[in-house]
Amino acid sequence: MNWFRLKSGGRLLLLSVLAVLVGTVMASATTLETVRQRGFLVCGATAALPGFAQQDDKGRWSGFDVDLCRAIAAAVFGNPDQIEFRPLRGESRFAPLQTGAVDVLTRDAPWTQKRDTAFETSYVATAFFDGQAFMVPQSLGAVSAYELDNISICVLDGGDELARLQEFFFANQATYTEELYEDVADLGVAYRAGRCQAVSAPARQLQAIRRDLPEPNANRILPERISKELLGPVVREGDDQWFNIVQWTLFTLINAEEVGLTSLNLDSLSAARTAAIKRILGEDGDYGTPLGLSPKFMSDIIRTVGNYGEIYDRNFGPQTGASLLRGQNALWSNGGLLYAPPVE
């Protein structure tokens, strides 16, 4: 009996030691190592939101968020298609990232102090500048939010959006009436039915509503933003290498647009004597090896996914039937907020 207890206890001790060793090995594996061993990137993005993430009748995903994920896969593998895309609903934004179920998160959870510090996750950089805006029919004739007066507006009941709406109209000494709803989907239904003359929500949600209308271009998203919402990739804390890989993937997209590198002119510009272009293409210096990537990782990103402007146009350009002006998401040199450190 005593021998059995000792033997059982020894087995339990051995199993416990093995579990600790296995756990230590697993914990020491970097995200880059895990992704490469698996053979593909697992990316979490928003559930269907036209322009950002949508699925066609063959199950293929596309959109701004999806293209950011594809760019990261191109940086790691040289192939943007080595990726598994997992749409995440609003109530499951960070847990899949914390648990390792996804490698990076690009869904539409705006950057806040709490989200950046309370969930063992880190926002990498801003990929899309957004904020609460207004959409109106073109027939209204308004080209600025400051022209709105004596108008009915559909808005979500309670929360920050209603409070901002009230503050905006109070500050501008304009009048309006509220049509309150509980869900974003209700805003589109009500606006389409003519229950309000305008709808107010984050511009990305207005764009999704607009694209679902019978005549998207008969409606206009006004240029002003009455809040600030910064959207971008999120990674787990504690892996600086992976943080830098995701960060410089986004910076590559921005820098490529700034110097005029596109997926179409990459080869013709590879012989250019411009130092900035040579560095991005890996012709002058090795900026990939310190990240654990190929020296040509930036060239791989641009060749297979394009630059930031190409991604934006692909998902929000005229060919979508509901073009969205770049606005804040234009390059800094074109009056926008988009800016990246140089490659040097």
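The values are calculated or read from the model by the stated rules, or taken from the named source; none is laboratory data. The structure presented is a predicted model; accordingly, all values stated were derived computationally and were not measured. With ideal geometry, Cβ positions are generated from the backbone for all residues, glycine too; neighbour counts draw on all protein chains shown. Ligands, DNA and RNA are excluded from the accessible area calculation, which covers all protein heavy atoms including side chains. Shrake-Rupley method; radii C 1.70, N 1.55, O 1.52, S 1.80 Å.
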Whole-percent carbon and sulfur contribution to the accessible surface of the range 123-185 (1.4 Å, no ligands, DNA or RNA) stands at 48
Pop the C-beta distance of D313 and Q55 into the FRET formula with R0 = 25 Å and round what comes out to the nearest 0.05. 0.75
Work through the residues other than A142 whose Cβ is under 14 Å from its Cβ and net out their charges, Lys, Arg +1 and Asp, Glu -1. -2
Gyration tensor on Cα atoms of the chain, a ≥ b ≥ c root eigenvalues, a/c under 1.5 rounded, else prolate if a/b beats b/c, else oblate, says oblate
Under the Karplus curve 6.51 cos²θ - 1.76 cosθ + 1.60, θ = phi - 60°, whole-Hz ³J(HN,Hα) for the range 280-296, x wherever Gly or Pro sits: 5, 7, x, 8, 9, x, 10, 9, x, 4, x, 8, x, 10, 5, x, 9
Please work out the FRET efficiency for the pair T99 and N150, using the Cβ-Cβ distance as r and a Förster radius of 45 Å; give the result to the nearest 0.05. 0.30
Label point 7 Å out from A275 along Cα-to-Cβ: which residues of the range 307-344 have amide N under 14 Å? 342-344
Treating only Lys and Arg (+1) and Asp and Glu (-1) as charged, each at its beta carbon, one finds that the range 237-329 has a dipole about its Cα centre, in Debye to the nearest 20, of 320
To the nearest 20 debye, what is the magnitude of the charge dipole of the range 85-182 about its Cα centre, counting +1 on the Cβ of each Lys and Arg and -1 on the Cβ of each Asp and Glu? 440
Where the accessible area of the range 232-344 is counted over protein heavy atoms with a 1.4 Å probe, how much of it, in %, is carbon and sulfur? 52
Please give the charge dipole size of the chain, origin at the Cα centre, charges +1 on K and R Cβ atoms and -1 on D and E Cβ atoms. Round to the nearest 20 debye. 1120
Residue farthest toward the positive end of the dipole of the range 138-280, with Cβ of Lys/Arg at +1 and Asp/Glu at -1: which of I226, F168, S268? S268
So what is the accessible area of the chain per residue, in Å², with the probe set to 1.4 Å? 49
Which FRET efficiency, nearest 0.05, do L325 and E182 yield, Cβ-Cβ r, R0 30 Å? 0.50
Rounded if a/c is under 1.5, else prolate if a/b is larger than b/c, else oblate: which is the range 184-232, with a ≥ b ≥ c the root eigenvalues of its Cα gyration tensor? prolate
What residues from the range 158-194 fall in the zone where the backbone N is under 20 Å from a label point 7 Å along the Cα-to-C-beta line of Q138? 191-194
In the chain, with Lys and Arg counted as +1 and Asp and Glu as -1 at Cβ, which of these residues, F52, A198, G335, has the Cα nearest the positive end of the dipole, that is, farthest along it? F52
Assuming 0.36 nm per residue, please report the length gained on full extension of the stretch E33 to W332 beyond their Cα-Cα distance. 104.1 nm
Within 13 Å, Cβ to Cβ, of W248, how many net charges do the neighbouring residues add up to if Lys/Arg are +1 and Asp/Glu are -1? -2
Taking a ≥ b ≥ c as the square roots of the Cα gyration tensor eigenvalues, with a/c under 1.5 meaning rounded and otherwise prolate when a/b beats b/c, else oblate, which class fits the range 117-241? prolate
How would you rank 153-165, 117-129, highest first, on the average number of other Cβ atoms within 10 Å across their residues? 117-129, 153-165
Where does the charge balance sit around I72 when Lys and Arg score +1, Asp and Glu -1, over other residues with C-beta under 13 Å from its C-beta? -4
